[in-house]
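Since the structure comes first, as C-alpha cells, the remarks are kept for the end.
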Amino acid sequence: MISRIDLRGDALPEGGALRDLLPRAEFDVEAALEKVRPICEDVRHRGTAALIDYARRFDGVDIERVRVPAEALDRALQELDPAVRAALEESIRRARIVHREQRRTDTTTRVVPGGTVTERWVPVERVGLYVPGGLAVYPSSVVMNVVPAQEAGVAGIAVTSPPQKEFGGLPHPTILAACALLGVDEVYAAGGAQAIAMFAYGTDECPPVNLVTGPGNIFVASAKRLLKGRIGIDAEAGPTEIAILADATADPEHVAADLISQAEHDTLAAAVLVTDSTELAEATEAALKRQADATKHTERITTALAGRQSAIVLVDGVDAGLKVVDAYGAEHLEIQTADAAAVAARVRNAGAVFVGPYAPVSLGDYCAGSNHVLPTGGCACHSSGLSVQSFLRGIHVVDYSRDALAEVAHHVVTLAEAEDLPAHGAALKARFDWKVPQSK
C-alpha cells in the first residue's frame, strides 16, 4: 500500500541531494500555464460574460450573475446545521485569539538627532480569498483566509468558490454560511484560473484586488504564477502533505490515522512517515491497510498512499530523522517521539509543527487556532503560512531635519559618486547654499 525508502547505514547526503531521495507529488505548474493563459485573457477582455461561460463549461451550471445574492448568504446561515454552526463559531473564536496577537505595531527609530525612520504597518486595501470546491467542502478555509485579513484591518474582502450544480450554481451553502458568520457579504461563484483572473483584472461585478490568497488546484496555482505582479499572492499551493517524525514510543494506530487524514484530501496528497523503528513501520503499514479499508474514501486514500508522493522513510535515529524532515519541508509536520517538544524545537523547515500524540494535524485544520493555509511542495524551507502579516505591508517613513541631512550629506555624495550616479549627490547639494560640510 505504501512504499519504503531505507536511508539507514550510510551518511545522509546534503541539501538537494537529500531532497531528491524523498517522495514528492508531480505538480507541474509551468506545464499548466499554457492552459490557463487564454482563460485569464478571456476574463480580462470579456469579464462576467467569460465567467458565466466557464461556469457552464467547467462546472456544468447556468448562472446569470457571478456575485452571490445577499439573500442566499442569509438563507445559508439560517439553514446551517446548529452543530456545524457551533463548530465554526469555535473555530473562528480560536483563530481570532491567535491572529489578533500577530498584529504589528509601528516602530520609530531615532537614528541621529533630527533623523528618524518609522516602519508603518499598513493593510492592503482589498483582497480576494479563494476557497476550493470539488472533492470536499472547505468552510474551514473561509475561516483561515478571512480571519487574518480582518485582524490585519483589510477594508475590502471578497471570497470566491466554484459554483455547484447541486446548489443551483451557487457555492456550497456551508461555505456561504461561513462567509455570513464572518460578516463577509461579497462572495462570488467562480472557480479555477478564471476566478483568479476575475480578482486580478476586475469585472463589472467584482473590482480588482491587490492580493489573492487561498489554496486551489494546479490551474489556480498556475493562474497565480501568471498574474503575480499584477496581484500579490500568498503561495502557489500544491497537494496537501503530512510528514510524521516518530520513534518506537509512537502509537501506530495514531500514526496511521493521521497519515490517512491527509490522504483523504486528494489522490495526490502526500503521507510520509520518517522513523528509526522498523517495528513502528510494520505496525503502521498494517494499521494503514485496516483503517483505509474501513473509511469512507477508501479508493482516494489508497491511491494517495500508494503514490510516489507517499512513503515510509527509515533512518538511523531521531537526529537523522530531523535532517530528513528539514530537507522535506512538510506543510504539516507531526512529532511523535520521546521528548517531542524538545525535538520539535529543533525543526527548521515546516509549515506547521504538531507536538506529541494529542496535537494531530486535524486539530490544526479546524480548531487549534493556527492557520491551515500553509506552504507545500518543500516551500516551507523559505516561506510561511498565512497570517496577519500576509495582509500587511511595511512602509519606511524617513524624516530628517536640515541639520541631520547636512551632517551625513558628504557620505551620501561620496557613495553616489562611487556608484557613478552624480545626480544622486547633486540632489543633496541643491538643498544647501554652501559646500557640503566634511566630517571632522
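The values are calculated or read from the model by the stated rules, or taken from the named source; none is laboratory data. Quantities reported herein were computed from a predicted structural model and do not represent experimental measurements. Quick reminder, even Gly has a Cβ in these numbers, built from the backbone with ideal geometry, and neighbours come from all protein chains shown.
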Selected residue (criterion: nearest to ALA180 (Cα to Cα)) from residues of segment 88-104 that are charged (D, E, K, R) and surrounded by fewer than 16 Cβ atoms within 10 Å (Cβ to Cβ): GLU89
Meets criteria (touching a residue at least 40 places away in the same chain (Cβ under 8 Å), acidic (Asp, Glu) and farther than 30 Å from ASP59 by Cα) for GLU101: no
Qualifying residue in segment 315-334 (condition: touching a Pro at 6+ places or on another chain (Cβ under 6 Å), hydroxyl-bearing (Ser, Thr, Tyr) and not assigned by TED's automatic domain parsing to the domain that holds ALA136): no
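In this structure, is ARG85 in contact with a Phe, Trp or Tyr (Cβ under 8 Å, 6 or more places away or on another chain) and either surrounded by 13 or more Cβ atoms within 10 Å (Cβ to Cβ) or not assigned by TED's automatic domain parsing to the domain that holds ALA263 (or both)? Don't jump to the end; show me each part of the working.
Values: in contact with a Phe, Trp or Tyr (Cβ under 8 Å, 6 or more places away or on another chain): no; either surrounded by 13 or more Cβ atoms within 10 Å (Cβ to Cβ) or not assigned by TED's automatic domain parsing to the domain that holds ALA263 (or both): yes.
Against the criterion (in contact with a Phe, Trp or Tyr (Cβ under 8 Å, 6 or more places away or on another chain) and either surrounded by 13 or more Cβ atoms within 10 Å (Cβ to Cβ) or not assigned by TED's automatic domain parsing to the domain that holds ALA263 (or both)), ARG85 does not qualify.
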Tally of residues being touching a helix residue (DSSP H, G or I) at 6+ places or on another chain (Cβ under 6 Å) and at pLDDT below 95 across segment 119-138: 1
Elements of type helices (runs of 4 or more DSSP H) contained in segment 174-280, each with 2 or more residues being within 29 Å of ALA72 (Cα to Cα): 192-201, 218-227
Criterion (touching a strand residue (DSSP E or B) at 6+ places or on another chain (Cβ under 7 Å) and buried (at least 21 other Cβ atoms within 10 Å of the Cβ)) met by exactly one of GLY169, GLY232, GLY156: GLY169
Segment 265-284, residues that are under 22 Å from PRO239 (Cα atoms) and either in contact (Cβ under 8 Å) with a residue 60 or more places away in the chain or buried (at least 21 other Cβ atoms within 10 Å of the Cβ) (or both): HIS265, ASP266, LEU268, ALA269, ALA270, ALA271, VAL272, LEU273, VAL274
Subset tally (residues that are at negative phi and either at pLDDT below 95 or in contact with a Phe, Trp or Tyr (Cβ under 9 Å, 6 or more places away or on another chain) (or both)) for segment 204-215: 8
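Give segment 109-153 a look and list any residue that's farther than 20 Å from ALA190 by Cα, touching a strand residue (DSSP E or B) at 6+ places or on another chain (Cβ under 8 Å) and assigned to a helix (DSSP H, G or I), or say none.
Correct list: ALA149, GLN150, ALA152.
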Any hit, segment 47-63, residues being closer than 28 Å to GLY378 by Cα and part of a loop (DSSP other than H, G, I, E, B): no
